[in-house]
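Please read the structure below before turning to the comments.
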Amino acid sequence: MGSGSPVDTTRVENIERAAEELNKILAATSSNVRIEVETHFFRGDYMVKLIATFSVGEAPDIIAMKNLPTFVDGG
């Protein structure tokens, strides 16, 4: 999940590329494990939308955003 800024978009694209490389390694070792990346970008009230995902137990595993410390401070 990223806020959609150019920096955040690049961060998310880096995760996608890393997953592709990891999946190649996993396939080469005959592992049945695969990494799936689902991306979401949003602007505007992204903090409200992100907090909503937490409140219903659907928070993303990885978040790319400028004010990540807000979540750290909130526990």
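The values are calculated or read from the model by the stated rules, or taken from the named source; none is laboratory data. Bear in mind that the values here come from a model prediction, so they are computed numbers and not experimental data. Glycine also receives a Cβ, built like all others from the backbone with ideal geometry; neighbour counts cover every protein chain displayed.
For (1) in contact (Cβ under 8 Å) with a residue 40 or more places away in the chain; (2) touching a helix residue (DSSP H, G or I) at 6+ places or on another chain (Cβ under 8 Å), each residue gets a yes or a no:
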{"site": "Ala19", "(1), (2)": "no, no"}
{"site": "Lys24", "(1), (2)": "no, no"}
{"site": "Val33", "(1), (2)": "no, yes"}
{"site": "Gly44", "(1), (2)": "no, no"}
{"site": "Thr53", "(1), (2)": "yes, no"}
{"site": "Asp61", "(1), (2)": "no, no"}
{"site": "Ala64", "(1), (2)": "yes, yes"}
{"site": "Asn67", "(1), (2)": "no, yes"}
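Filter region 22-75 down to the residues that are under 16 Å from Ser5 (Cβ atoms), surrounded by 14 or more Cβ atoms within 10 Å (Cβ to Cβ) and among the small types (Gly, Ala, Ser) and list them by number. Ala64, the sole residue that qualifies.
Could you name every one of the helices (runs of 4 or more DSSP H) located completely within the chain that has at least 2 residues being at pLDDT 90 or above? Quick ask: steps written out before the conclusion?
Numbers: elements: 6-28, 46-55, 69-73.
Counting at least 2 such residues, we get 6-28.
Filtering region 37-53 to residues that are within 20 Å of Thr10 (Cβ to Cβ) and of a type in the set (Asp, Glu) leaves only Glu38. Would you confirm whether any residue within region 40-53 is touching a Lys or Arg at 6+ places or on another chain (Cβ under 9 Å) and aromatic (Phe, Trp, Tyr)? Checked region 40-53: at least one residue is touching a Lys or Arg at 6+ places or on another chain (Cβ under 9 Å) and aromatic (Phe, Trp, Tyr).
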